[in-house]
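Peer 1: Here you go, one structure.
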Amino acid sequence: MGHMQNILIIEDEIDIAELIAMTLQRDGFNVEIEHDGAEGLALALKTQPDLIVLDLMLPTMDGYQVLKGMQRDTRSHSIPVLMLTAKSQIEDRILGLEKGADDYMTKPFSPKEMLLRVKAILKRRQSTPSSTRLSYGPFIFDKNNLTFYLDKEPVSLTGTEFKLLLYLCQRSGQTQDRNELLRAVWGYSDDAHSRTLDTHMKRLRQKLGEHGSLVETVRGVGYLVAELP
Ligand code: CA
């Protein structure tokens, strides 16, 4: 790993923020903490950290609003986010993923598990091959700066969406099994993350608009991007 990686923690519960910070620092990460949503977003735009640990319930702006703000700005739209939620309802977690988080954890969580998730997210970011462009029909992937173009217009994809679509396009004509996709993109596969895959796919298709149908669902197996004629 090259430079020391910077992580921004946006969490208003001071003891939880400190626990996360300590765990990450002990593992060699550079950490900054904000206790307020709007200030957290401002710092994210300014420092462009490698990853953000984002709490859902925050003063001034909640986690969803912070995500929305991040996605609107090219300085922050591809920063991966691990969302923290005190709510245990699956709907809240799904909503977080639909709004652009890469992964989520429900409180209370173990610091060790949090560290594993952070590393898994960063690893899938780093393993995205760099410095070339790949095109597939109306899609262009600029792998150097994780920018995606649809019909030559930039479309804001999260890091996970970018990796997922790139993975499928690089293997066009071959159905990708659900577990294989989960392992390749998230670094692990289990039943809970099976929902995560579908949620990301749904949102990805929405962003692709009329071209969303290029990503086909293969019932009972996984997903397929067809070979170009
Ligand atoms: Ca909170």
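Peer 1: Rounded to the nearest Å, what's the spacing between the alpha carbon centres of region 1-46 and region 58-89? Just the number, please.
Peer 2: First find each Cα centre; the distance between them is then 14 Å.
Peer 1: Divide by every residue of the chain the summed helix terms, -39500 (n - 2.57) for each DSSP H run of at least 4, and state the resulting mean residue ellipticity at 222 nm, rounded to the nearest 500 deg cm²/dmol.
Peer 2: -13000 deg cm²/dmol
Peer 1: Can you work out the Karplus-derived ³J(HN,Hα) for every residue in region 16-29? Use 6.51 cos²θ - 1.76 cosθ + 1.60 with θ = phi - 60°, whole Hz, and x for glycine or proline.
Peer 2: 5, 4, 5, 5, 5, 4, 4, 4, 6, 5, 4, 9, x, 8
Peer 1: Here's a follow-up. What number comes out for accessible area per residue over the chain if the probe is 1.4 Å? Units Å², please.
Peer 2: 48
Peer 1: Still on this structure, please answer the following. With charges set only on the Cβ (+1 for Lys and Arg, -1 for Asp and Glu), what does the dipole of the chain come to about its Cα centre, in debye to the nearest 20?
Peer 2: It comes to approximately 800 debye.
Peer 1: Then there is this: Would you be so kind as to identify which of Leu181, Ser78, Gln25 lies farthest towards the positive end of the dipole of the chain, taking Lys and Arg as +1 and Asp and Glu as -1 on Cβ and the Cα centre as origin?
Peer 2: Result: Leu181.
Peer 1: Can you list the residues, at least 5 places off or on another chain, whose amide H is less than 5 Å from the amide H of Ala86, using H built in the peptide plane?
Peer 2: Leu56, Met57, Lys107
Peer 1: Considering only the chain, what is the antiparallel percent among its DSSP beta bridges, to the nearest 5?
Peer 2: That works out to approximately 50 percent antiparallel.
Peer 1: With an 8 Å cut-off on Cα pairs and a minimum separation of 6 or more residues, tell me the relative contact order of the chain in percent.
Peer 2: With pairs under 8 Å counted, the relative contact order is 14 percent.
Peer 1: Here's another thing I want to ask about it. Round to a whole number: what % of the accessible area of region 6-126 belongs to carbon and sulfur, probe 1.4 Å?
Peer 2: Carbon and sulfur atoms account for 52 percent of the accessible area of region 6-126.
Peer 1: Looking at the chain as a GNM with Cα springs under 10 Å, which of Leu41, Leu168, Leu116 has the largest mean-square fluctuation?
Peer 2: Of Leu41, Leu168, Leu116, the most mobile in the Gaussian network model is Leu116.
Peer 1: Which value results for Rg/Rh of region 6-126 when Rg is the Cα radius of gyration and Rh the Kirkwood radius based on the inverse mean 1/r?
Peer 2: That ratio equals 0.91.
Peer 1: Divide the volume of the convex hull of the Cα atoms of the chain by its number of residues and quote the answer in cubic angstrom per residue.
Peer 2: Here the figure is 118 Å³ per residue.
Peer 1: Lysine pairs in the chain 8 or more apart or on different chains: how many have alpha carbons under 14 angstrom apart?
Peer 2: Lysine pair count for the chain: 6.
Peer 1: Then there's this: Using the basic label-point model (7 angstrom from Cα toward the beta carbon), what is the Arg171 to Thr47 distance in nanometres?
Peer 2: Distance between the two pseudo-spin positions: 3.7 nm.
Peer 1: At a 1.4 Å probe radius, carbon and sulfur cover how many percent of the accessible area of region 133-225?
Peer 2: For region 133-225, the apolar C and S fraction of the accessible surface comes to 44 percent.
The values are calculated or read from the model by the stated rules, or taken from the named source; none is laboratory data. Nothing here was measured: the structure is a model prediction, and the numbers come from that model. Every residue, glycine as well, gets a Cβ built from its backbone with ideal geometry; the counts of neighbours run over all protein chains shown. All accessible areas refer to the heavy atoms of the entire protein, side chains included, with ligands and DNA or RNA removed. Shrake-Rupley method; radii C 1.70, N 1.55, O 1.52, S 1.80 Å.
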